[in-house]
Amino acid sequence: MRVFKFGGASVRDAENVKNVCRVLQTVGYKDSLIVASAMGKTTNALEVVVHNYFQNRFDLAESVEVVKKYHFDIVNELFTDKEHQVFVRLKELFDSITYFLLNNKSPNYNFVYDQIVSYGEIISTTILHFYLQECGITNKWIDARNALKTDTVYRDANVNWDITVENIKREINTDDLCITQGFIGSDYNGFSTTLGREGSDYSAAIFAYALEAQSVTIWKDVPGVLNADPRYFEDTTLLQHISYQEAIELAFYGASVIHPKTLQPLRQKEIPLYVKSFLNPTLAGTNVSKGAPLTPQVPCFIVKKNQLLISLSSKDFSFIMEQNISDIFKLFCEYNIKVNVIQNSAISFSVCVEDKFNHFEDLRLRLVNDYKVSYNENVSLYTVRHFDNNSAERILTGKTLLLKQVNRETMQIVTKE
Ligand code: ADP
Ligand code: ASP
Ligand code: MG
């Protein structure tokens, strides 16, 4: 069994859906499973629907309409027969979104989020299923929610591995091509859950683990894993091979081409991961498996934008000790602020953090009781794995250095543009 993951970019419009057919015809699809994401930026658009449901009812219907039109435009381009059942099925799915929004009684934002946002993947796989059939690629549509079971931590659900493995083996027991959704699962009551943004890579790894797949291929708009994000760096180099451990490090520091949770299940069963271009499916791309950390051995640059650099110092010049650090970290945890770098000296303590949920102002009001607090907003955190003598210079040209930390393999630099 091979697992193919098609992400949002690979199915973002009718042309790209047609390309999925071409990829499958090129690389073969017998005894394979497709795990697909929502089309293009659908998840963001559905997030707007949820936001409007809670805070802006006037725009609610319009925001659903945006998602509906986007998908109907795609199927209209893909299917000339307007009587095709894909149109009926799609209408049913949008009717059920509307029905849910009208009848829901739960005030729980995260619960509602998962019930609505999960439609992105249900819709995309429905379209793909019917379109592949049209192309002569027979396939079975599988509802991931019947297989992937999680707890009720909506928007960041944790997988119940025992039940999930059993379910996946039961649901996917054919040599034919199967197609299912990334990112989504369900709780014990059957309500939809999601695994965290960009979680489809992780779903592909979960299915591969359960099926003891021979490989996972994630199809991307880049030729593979590069030594830096091509959106921010020129002259990038393709990494032909990366060890599981090195890939886990790169993903952990923020190389967003692979979701950080993806590697662990694959490593456990030694299932190789290929990252390949959906535009050039015959090229080798990147292979993540056992072996030496990196081929070729080049510095790898990872950037996280929109970070916050906070420095705390004691008001009375007393030392910042373990007790203080422990209290400070409890607060970061309480306010759901992710700490990316830590540096401390005798009387001060600096952290570079990500404040996804905009809780810093509340946290700051707590911290000022005990500490002098200074901070820089909107800074960038650069991480270089396997840095060389030129790495820092390459990052710092035209920028101001705010913090630098170096250990054997990794250099981290916080800058202001
Ligand atoms: P999808 O959601 O379609 O599966 P993503 O957008 O999540 O794909 O991932 C592909 C993008 O990841 C690329 O377009 C690229 O900008 C970005 N990226 C970040 N770091 C890297 C890297 N080291 N190598 C290649 N691409 C990277
Ligand atoms: N559709 C989800 C997202 O955009 C999951 C994914 O694409 O991996 O976050
Ligand atoms: Mg993605």
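The values are calculated or read from the model by the stated rules, or taken from the named source; none is laboratory data. This is a predicted model, so every value here is computed, not measured. Ideal geometry is used to build each Cβ from the backbone, glycine not excepted, and the neighbour counts take in all protein chains shown. In case anyone asks, the SASA skips ligands and DNA or RNA and just uses the protein heavy atoms, side chains included. Shrake-Rupley method; radii C 1.70, N 1.55, O 1.52, S 1.80 Å.
Assorted remarks:
- Top of Val35, Val27, Val64 by mean-square fluctuation, Gaussian network on the chain, Cα under 10 Å: Val27
- Extension gain, Asn158 to Val66: 0.36 nm times the residue separation minus the Cα-Cα distance gives 30.0 nm.
- The stretch between Cys135 and His359, if pulled fully straight at 0.36 nm per residue, gains 75.7 nm over its current Cα-Cα span.
- Percent carbon-and-sulfur accessible area, the chain, ignoring ligands, DNA and RNA, probe 1.4 Å: 49
- Taken along the Cα-to-beta-carbon direction at a fixed 7 Å, the label points for Leu331 and Phe58 span 3.9 nm.
- Taking all protein chains into account, the per residue accessible area for segment 73-125 stands at 48 Å² (1.4 Å probe).
- Loop-resident sites, segment 324-414, for trypsin sites (Lys or Arg not before Pro), counting at most 11 other Cβ within 10 Å (DSSP): Lys356, Arg408
- The chain - charge dipole about Cα centre, Lys and Arg +1 at Cβ, Asp and Glu -1, debye rounded to 20: 400
- Over segment 347-415, the Kirkwood radius and the radius of gyration, each from Cα atoms, give a ratio Rg/Rh of 1.05.
- This model, with +1 at the C-beta of Lys and Arg and -1 at the C-beta of Asp and Glu, gives segment 1-99 a dipole about its Cα centre of some 400 debye.
- Net charge over other residues, Cβ less than 11 angstrom from the Cβ of Glu77 (K, R count +1; D, E count -1): -2
- Distance between modelled label sites at Asp73 and Asn173, nm, 7 Å Cα→Cβ extension: 4.4
- For the chain, DSSP calls about 65 percent of its internal beta bridges antiparallel.
- Count Lys and Arg as plus one, Asp and Glu as minus one, and take only other residues whose Cβ is under 14 Å from that of Leu294; the net charge is then -2.
- Dimensionless Rg ratio for segment 102-261, taking C-alpha atoms and the 2.2 N^0.38 Å reference: 1.14
- Computed on protein heavy atoms with a 1.4 Å probe, the accessible areas place Met411, Met321, Met1 in the order Met321, Met1, Met411, largest first.
- Rounded accessible area of Glu134 (nearest 10 Å², 1.4 Å probe): 110
- Segment 164-256 - accessible surface per residue (Å², probe 1.4 Å): 40
- Cα-based shape type of segment 112-171, given that a ≥ b ≥ c are square roots of the gyration tensor eigenvalues and the cut on a/c is 1.5: oblate
- Restricting segment 23-86 to trypsin sites (Lys or Arg not before Pro) in coil, as DSSP defines it, with at most 10 other Cβ within 10 Å: Lys30, Lys82
- Over the chain, DSSP H runs of length four or greater, each weighted -39,500 (n - 2.57), average out per residue to a 222 nm ellipticity of -11500 deg cm²/dmol.
- Rolling a 1.4 angstrom probe over the protein heavy atoms with all chains in place gives segment 278-417 an accessible area of 55 Å² per residue.
- Segment 63-174 shape via C-alpha gyration tensor axes, a/c threshold 1.5: oblate
- Net lengthening on full extension, Arg408/Val368 (0.36 nm per residue, minus Cα-Cα): 10.9 nm
- Taking a sphere under 12 Å around the Cβ of Val48 and counting the other residues whose Cβ falls inside, with K and R at +1 and D and E at -1, yields a net charge of -3.
- With DNA, RNA and ligands ignored, accessible area of Ile302 (1.4 Å probe; Å², nearest 10): 10
- Cα-projected label distance for His51 with Lys416, points at 7 Å along beta-carbon direction, nm: 2.8
- Helix 161-171 and the longest principal axis of the Cα set of the chain meet at an angle near 20°.
- Efficiency of FRET from Cβ geometry, Gln25 and Asn389, R₀ 60 Å, rounded to 0.05: 0.80
- Here r is the Cβ-Cβ distance between Ala346 and Asp221 and R0 is 56 Å; the resulting FRET efficiency, rounded to 0.05, is 0.70.
- Degrees separating the helix 119-134 axis from the principal Cα axis of the chain, which is the longest one: 40
- Between helix 322-334 and the chain: long-axis angle, C-alpha atoms, 0 to 90°, nearest 10: 30
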